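Structure first, then comments.
The values are calculated or read from the model by the stated rules, or taken from the named source; none is laboratory data. Every value quoted in this text rests on a predicted model; they were computed, and no experiment measured them. Here the Cβ positions follow ideal geometry from the backbone for every residue, glycine too, while neighbour counts run over all protein chains shown. To get the accessible areas, we keep the full protein, side chains included, count just its heavy atoms, and leave off ligands, DNA and RNA. Shrake-Rupley method; radii C 1.70, N 1.55, O 1.52, S 1.80 Å.
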Amino acid sequence: MSQPLSGVLAALAIICLVSSLLSSAFLDAYNLSIIARALAFVGLITLAQTMLMVLGELDLSLGMISGLAAVIGGIAMVHWGMHPALAIPLTLLAGAACGLINGLLVTGLGLHSLVLTIGMSGVYLAFKLGFTKGAAITGIPESIHFLGQSNLYDLLPAALQGAVEKIPPLLKLCEALPLPTLIMFVCMGIVAFIMARTPFGRYMYAIGNNTAAAQILGIRVNRVRLAVFTCAGLLAALAGILMVARMGTAQPSIGENWVLPSIAASVIGGVSTTGGVGGPIGAIIGSAIVNVIENIIVLIGINTYWQSGVSGAVVVIAISVDALSRRFFRKER
């Protein structure tokens, strides 16, 4: 409990060991690439959720923002004929705008982020269904497919590919690391640096710990909230456009099942439900745990309809452990 990052790493190792014993296919390169690719999309939402939870907020509309941004990007490329180099920034801008709207409503009207974003989920859902009539947008330019479909091996120069092929374990690792996962790790590094090494990151923790005290210290609380909500929307949009590149179509259903695992992952990774505690690295490890659990459910033949039940149970258990651990440390002090 006192070293949550070590604990969550140990939990991941144990779960992977058990999974490899339950199914021989678990350590297959193809299966590992499936886990890593799923980690990329949910991981980006987890990073966004982590920033908000450290601030003492929560956004249940991030999945819908991903879907809406993906649809906007698909429309821009297919119907408007916009070049992907312009459409992708437009997609990210759309996600950031949605996050900013959420932040403005929270700060301007004093609304609770949990309640507000439940309502905004419906708004964003209506927009993306209205734009698409519920149908997928096909004809996405093939020039962006590599963003969602390539892996680390594909990105290596021919000379390095030949060297990697001579080392089977290294080849397996390179093939199991998709480009979206690498992008997610880069984002994790950026978020971790901001939260741990910059004044803005310290402001986030200060606000999450005690908003009134942060205001007394002169921290512009609402500006920080707006910035974090905007960044969260940006990360959600990035996940959406990467999924478009992965599938080759802009599906209205993108992101619908990403929010619950992101909350579970954040709490498992040591992010407090009350704010002021946690970080992105632990949250991503927590996301890996959630993805491994969902993957092994499929491998051992449990009906996939139970996956949402497992995710819900993981959230309940994680929040319960978080509450018990905080109560335990209060008694110790």
In the chain, carbon and sulfur make up what percent of the accessible area (probe 1.4 Å)? 68 percent
Spin-label proximity, ASN210 to the stretch 35-57 - amide N less than 18 Å from point 7 Å beyond Cα toward beta carbon: 55-56
Each residue of the stretch 161-169 in order: what ³J(HN,Hα) in whole Hz does its phi give by Karplus 6.51 cos²θ - 1.76 cosθ + 1.60, θ = phi - 60°, with x for Gly and Pro? 4, x, 5, 5, 5, 7, 10, x, x
Label-point separation in nm, ALA136 to ARG220, each point 7 Å along Cα→Cβ: 4.5 nm
Unit charges at the beta carbon, dipole of the chain: most positive-side option, SER66, LEU109, ALA245: LEU109
For the stretch 223-233, Karplus-derived ³J(HN,Hα) couplings (6.51, -1.76, 1.60; θ = phi - 60°; whole Hz; x for glycine and proline) come out as 5, 5, 4, 4, 5, 5, 4, 5, 4, 4, x
Would you list which aspartates and glutamates come within 14 Å of LYS128, measuring only between C-alpha atoms, while excluding same-chain residues fewer than 8 positions from it? GLU256
Using a probe radius of 1.4 Å on heavy atoms only, what accessible surface per residue do you get for the chain? Whole Å² is fine. 46 Å²
Determine ³J(HN,Hα), in whole Hz, for all residues of the stretch 145-156 in sequence, where each value follows from phi through the Karplus function 6.51 cos²θ - 1.76 cosθ + 1.60 and θ = phi - 60°; x replaces Gly and Pro. 4, 4, 4, x, 10, 8, 10, 4, 4, 5, 7, 6
So what is the relative contact order of the chain, in percent, for Cα pairs below 8 Å that sit 6 or more residues apart? 35 percent
Could you give the Stokes-Einstein D for the chain in µm² per second, using the C-alpha Kirkwood radius, 25 °C, 0.890 mPa s? 120 µm²/s
What are the trypsin sites (Lys or Arg not before Pro) within the stretch 153-257 that DSSP puts in a loop, where the Cβ has at most 13 other Cβ atoms within 10 Å? LYS166, ARG220
